[in-house]
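The values are calculated or read from the model by the stated rules, or taken from the named source; none is laboratory data. Predicted model only: the values in this text are computed from it and were never measured. Positions of Cβ are backbone-derived with ideal geometry, glycine not excepted, and every protein chain shown enters the neighbour counts.
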Amino acid sequence: MQENLKKIAEFILAEQKVAIISHQNPDGDTLGSQLALAMALEQKGIEVIMLNHDVISAKYNFIKNYERIVSGVLPEELPKVVIFVDCANMTLTGYHEEEWLQDKIIVNIDHHTSNTQYGQYNYVQSKSGANCQNMYYLLQAMDTEFTPEISTALYMGLSTDTGNFLYESVSADTFRVAANLLEYGADTTKIRMNFYENCSRRKLELQKYIYNNLSFSADGRCAWSKLEWSLLEELQAVSTDIDGLINSIKDIEGVEVALLFKENAAGMIKVSLRSKTWADVNAIANKFGGGGHVRAAGCSLHVSMEEAQRLFVEATEEYLAKGGE
Ligand SMILES: [Mn+2]
């Protein structure tokens, strides 16, 4: 793997200009990966354009160059090399028309179990609790000078993708990377204030609704709740208001699989799945064309809220009854 990493580092460093793209509904891990890589490449005199389908939440504005991420319609001229970060597959960027990728060279830096190895260059380490952990090693292979700004961006990804170093995906290696980033000057106070002590009133309203609409089955091992579009629209909720809410279901005593059903403006249902100790929710999501990690997965369905709940609750009950076989 070290050989592969070196090869990817050399390939990127030989370019004069690259694009870095993060996934739709961006989270701290995809943005941390993107911003840290961009800063590292600019140290080497490489020109970088950063892309994201969506408008980036202001809660990330303490990360250097946050305002430089280009949102919405893709620029007409893009460099030959496009680096995807934290994207299990190409469609997760939100740019479904794949024409823009014709005659591009794709580099895929990710940590999802379900990654489809879609790049000409792939660095996929699914044991890493966050993609920023992988990005740390890529930057190391590039001989990056780890500035406090780069370290803060990477530490944000590590912290937010691991439930602040709580999930099972955290390894000794995650802490080693985190420890190094602290030594390089990562600003953990800003991360703490922006992510953990900053609950919006909208988020609180959604949390109340989730608790009021909780259901249980399979002897309390499966629990789920929902967020209808009418409610999200009324509260003017943004994605950061919704991020992490599913954990409040997973954290209930006895719950092994937590499901959250969220309706979007087009009436599509996005299902989020989490498991606590043994269930493979990636396997459950796979049944409906979704995927992700063993402990965290997602899926989108063109069915009604009721139908989505029926399908997923049944599949989960069946999975739990069989003990995961
Ligand atoms: Mn991630």
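Count of the stretch 84-115 residues, restricted to those that are in a loop (DSSP other than H, G, I, E, B), touching a residue at least 24 places away in the same chain (Cβ under 8 Å) and over 16 Å from the mean Cα position of the chain (by Cα), is 2.
Any chance the stretch 130-147 includes a residue that's surrounded by fewer than 16 Cβ atoms within 10 Å (Cβ to Cβ), touching a strand residue (DSSP E or B) at 6+ places or on another chain (Cβ under 7 Å), in the same structural domain as Ala38 (by TED's automatic domain parsing) and at negative phi? Scanning the stretch 130-147 turns up no residue that is surrounded by fewer than 16 Cβ atoms within 10 Å (Cβ to Cβ), touching a strand residue (DSSP E or B) at 6+ places or on another chain (Cβ under 7 Å), in the same structural domain as Ala38 (by TED's automatic domain parsing) and at negative phi.
Among all residues of the stretch 37-48, there is at least one that is modelled with pLDDT of 95 or more, assigned to a helix (DSSP H, G or I) and within 16 Å of the ligand (Cβ to nearest atom). Looking across the stretch 128-149, the residues that are among the polar types (S, T, N, Q) and either in a loop (DSSP other than H, G, I, E, B) or free of Cβ contacts under 8 Å to residues at least 12 places away in the same chain (or both) come down to Ser128, Gln140, Thr144, Thr147. Taking the stretch 202-263 as the region of interest, the helices (runs of 4 or more DSSP H) fully inside it that hold 3 or more residues being in the same structural domain as Gln309 (by TED's automatic domain parsing) and surrounded by fewer than 17 Cβ atoms within 10 Å (Cβ to Cβ) are 229-235. Being without any contact (Cβ under 8 Å) to a residue 40 or more places away in the chain and either away from the ligand (no atom under 16 Å from the Cβ) or crowded, with 18+ Cβ neighbours inside 10 Å (or both) is true of Pro75. Residues that are surrounded by 24 or more Cβ atoms within 10 Å (Cβ to Cβ), of a type in the set (A, V, I, L, M) and within 16 Å of the ligand (Cβ to nearest atom): does the stretch 96-110 have at least one? Yes, there is a match, as at least one residue in the stretch 96-110 is surrounded by 24 or more Cβ atoms within 10 Å (Cβ to Cβ), of a type in the set (A, V, I, L, M) and within 16 Å of the ligand (Cβ to nearest atom). Total residues in the stretch 9-25 satisfying the condition of being in contact with an Asp or Glu (Cβ under 9 Å, 6 or more places away or on another chain), within 16 Å of the ligand (Cβ to nearest atom) and either aromatic (Phe, Trp, Tyr) or closer than 22 Å to Thr147 by Cβ (or both): the figure is 1.
Within the group Ala283, Ala321, Ala297, which residue is surrounded by fewer than 19 Cβ atoms within 10 Å (Cβ to Cβ), closer than 25 Å to Leu166 by Cα and either aliphatic (A, V, I, L, M) or more than 19 Å from the chain's Cα centre (by Cα) (or both)? When all the criteria are applied, what remains is Ala283. Residues that are away from the ligand (no atom under 15 Å from the Cβ), hydroxyl-bearing (Ser, Thr, Tyr) and part of a helix (DSSP H, G or I) within the stretch 150-186 comprise Ser151, Thr152, listed in sequence order.
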